[in-house]
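Below is one structure, written out as structure tokens; comments come after it.
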Amino acid sequence: MEIQDLAESIGGKLYGNDDFFSIDGFTGKFTFLNDAHTGDIVIRHWINGTGVRMAFDKNIACLITRTPKDGAIEMSNKLNFPLIVVDKIELANAYALSHTIDKYSPNSTNIIITGTNGKSTTSHLIYHILKTAGFHVLTNTDSESEFNTLIDPMVSKLISDEVIENGELDYLVIEVSEVQGWLGDLMENHASLMSAAINPKVGVITNIAMDHIGLVNSIEDVFNEISTVPEAIGDGICVLNRDDDWVMKLDVENPFYTSMSKIDEKNAVYYDGSEIVYDGQTILKNDELPFTGSHFIQNILSAIGAVISLDLDISTIANGVKSYEALNRRFAKLNDEPLIYDDFAHNPDGIKATISETKKMLRPGQKLYVVCAIRGSRGIEINQLNVDALAESVDDNVEVILSSSNDVVNDLNFVEMEEREVFFNTLKDKGIEFVHYDNLKECLSETYGKVDKNDIILLIGAQGMDPAESLLKDII
């Protein structure tokens with residue numbers, strides 16, 4: 001690779017040296033500054049003069065950034081060190097991903113998963129089925145959601161590190177955000193750009209719903225972001241949620257359908273209320289499923305559709321699903337008496353689905369306590385949609401507890417006054433009583449202390465509820 005070709009491919013302007021800095025050129029690895037070694041390329045959203053000096057001292061091949069500041073360009077010129085400045089950092093990361101797969105995993109079969117809800121569970125389940133079947137497989141989905149971003153070179157680094165350490169990959173299972181942005185700016189066509197870079201044989205689109213308010217402001221905006229993904233999948237198979245009206249508007253060349261009710265298409269897997277069926281054959285019965293909530297069964301169907309499309313044996317698929325254990329915070333049971341469930345429900349569809357499934361577990365005389373972490377620093381729009389979903393799900397057997405989680409979140413997730421007021425005012429207007437706590441530890445302690453052992457506590461929310469499990473261990 002020539003540095004001028006690299007700069008041109010990602011729409012960048014080259015400063016400093018007009019060749020790779022390290023003597024041996026580029027190693028082929030894209031990574032982070034702290035992890036970089038001689039000949040690697042580092043991609044950063046921003047870099048300053050000190051960062052350029054660090055890269056110089058590490059003898060890396062070059063730096064790529066969107067925002068040079070505090071003397072970065074001047075330091076680059078002074079040290080004669082190559083710095084590529086781009087307008088769209090996502091082009092650099094897509095290039096890095098494509099190059100990494102071509103170099104380190106050229107023979108792997110690649111699968112992408114996108115959509116508003118269920119991406120992580122679907123991705124992790126596909127990964128588990130393939131791993132259980134004995135394949136060498138890598139996914140970017142993890143329980144802490146630290147690796148499932150494609151706006152930095154993390155996945156490129158994961159792939160190259162895995163192949164160097166453990167050998168050639170059979171499968172790549174990559175979760176792709178349906179909507180992505182940086183500092184409030186939408187990265188247009190992010191999902192299709194990254195999908196094309198991965199060159200998938202199979203793509204899964206779980207659903208299309210509202211999230212990421214501010215980056216997108218309507219369901220039509222979300223649809224537009226996802227609508228170009230089938231084109232990126234090309235002649236590969238696209239697994240579609242047939243029960244989602246917006247998904248069914250997509251123009252798809254080779255569809256494979258999933259549904260929560262019986263459908264007649266041959267290229268389909270469905271759930272009829274008692275079993276999962278494909279091509280007239282029962283794959284799994286209710287008592288063999290790792291979880292039975294309807295939104296989780298839809299994730300199971302999506303995963304099964306993907307691996308069927310990879311020509312895996314049905315018995316192998318069934319064994320993989322039966323042995324699956326859910327990711328953390330995906331309707332995870334944290335306690336038995338009282339029952340405490342924890343779920344990463346952080347958008348309207350997720351909130352409604354999770355509360356609905358939990359209410360089905362209530363027996364006469366039991367009460368459900370929904371402990372909801374308000375989303376901090378996300379704006380009033382998404383919080384308005386979330387509280388509307390919460391209010392819609394509440395009845396006489398449900399008590400609402402809110403947490404701002406000031407004691408456990410950083411400044412990027414701090415709940416602003418107007419975000420709190422959206423929750424307060426909406427619930428008051430709808431006549432729904434609630435209790436609010438500034439701190440999550442007090443919220444959990446007070447809730448746990450007042451519930452009956454036969455009641456159910458449901459914890460929902462994003463970053464503000466992430467530490468709940470560890471806090472509850474001390475409380476209980």
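Values in this text are rule-based calculations from the coordinates and carry no lab data. Everything numeric here is computed off the predicted structure, so don't read it as measured data. Glycine also receives a Cβ, built like all others from the backbone with ideal geometry; neighbour counts cover every protein chain displayed.
Which whole-number percent gives the relative contact order of the stretch 95-162, counting Cα pairs below 8 Å spaced six or more residues apart?
Working: 43 pairs, mean separation 25.5, N = 68.
Result for the stretch 95-162 is 37 percent.
Exactly which trypsin sites (Lys or Arg not before Pro) in the stretch 347-445 are in a DSSP loop and have at most 10 other Cβ atoms within 10 Å? Sites meeting the loop and neighbour criteria: 360. The Cα center of the stretch 364-383 and the Cα center of the stretch 77-120 differ in position by 35 Å. Given R0 = 60 Å, the distance between the Cβ atoms of residue 45 and residue 363 translates into a calculated FRET efficiency of 0.75.
Computed from the Kirkwood radius of its Cα pairs, the Stokes-Einstein diffusion coefficient for the stretch 75-209 at 4 °C and 1.567 mPa s stands at 83 µm²/s.
Each listed q (0.19 Å⁻¹) maps to a log10 I(q)/I(0) for the stretch 3-87 from the Debye sum over equal C-alpha point scatterers, namely -0.69. Distance from the Cα centroid of the stretch 1-67 to that of the stretch 441-476 is 46 Å (rounded to whole angstrom). Based on Cα contacts under 8 Å between residues 6+ apart, the stretch 3-87 shows a relative contact order of 36 percent. Ordering of 5-15, 171-181 by packing is 171-181, 5-15, highest average first (other Cβ atoms within 10 Å, averaged per residue). Sorting 436, 128 from the fewest to the most surrounding beta carbons within 10 angstrom yields 436, 128. Both radii are taken from the alpha-carbon atoms of the stretch 332-475; with Rh as the Kirkwood radius, Rg/Rh is 0.93. Here the residues 307, 204, 229, ranked from fewest to most Cβ neighbours within 10 Å of their Cβ, fall in the order 307, 229, 204. Computed over the stretch 324-384, the P(r) curve from all C-alpha pair distances, binned at 10 Å from the origin, holds 17, 49, 27, 7 percent per bin. For the stretch 54-113, place one equal point scatterer on every Cα, skip the solvent, and apply the Debye formula. What is log10 of I(q)/I(0) at q = 0.18, 0.24, 0.26 Å⁻¹? These q points yield log10 I(q)/I(0) values of -0.75, -1.01, -1.09. Computed on the Cα atoms alone, the convex hull of the stretch 13-139 gives a volume of 128 cubic angstrom per residue.
Ellipsoid fit via the Cα gyration tensor, the chain: semi-axes of 40, 29, 20 Å, each the root of five times an eigenvalue, largest first.
Treating r as the C-beta distance of residue 248 and residue 416 and R0 as 41 Å, the FRET efficiency rounds to 0.65. Sparse packing (at most 15 other Cβ atoms within 10 Å of the Cβ) combined with a DSSP loop state is found for the following GluC sites (Glu not before Pro) in the stretch 338-446: 433.
In this structure the amide hydrogen of residue 67, modeled in the peptide plane, comes within under 5 Å of the amide hydrogens of 46, 47, none closer than 5 places in sequence on its chain.
Magnitude of the charge dipole for the stretch 332-475, about its Cα centre and with charges confined to Cβ atoms of Lys, Arg (+1) and Asp, Glu (-1), is about 380 debye. Counting neighbouring Cβ atoms within 10 Å and putting the fewest first, the residues 78, 88 line up as 78, 88. Rounded to the nearest Hz, the phi-derived 3J(HN,Hα) couplings of the stretch 321-337 under the Karplus curve 6.51 cos²θ - 1.76 cosθ + 1.60 (θ = phi - 60°) are 5, 4, 8, 6, 10, 5, 4, 4, 6, 10, 6, 7, 7, 9, 7, 9, 10, where x marks glycine and proline. In the stretch 93-322, the alpha-carbon atoms span a convex hull of 114 Å³ per residue.
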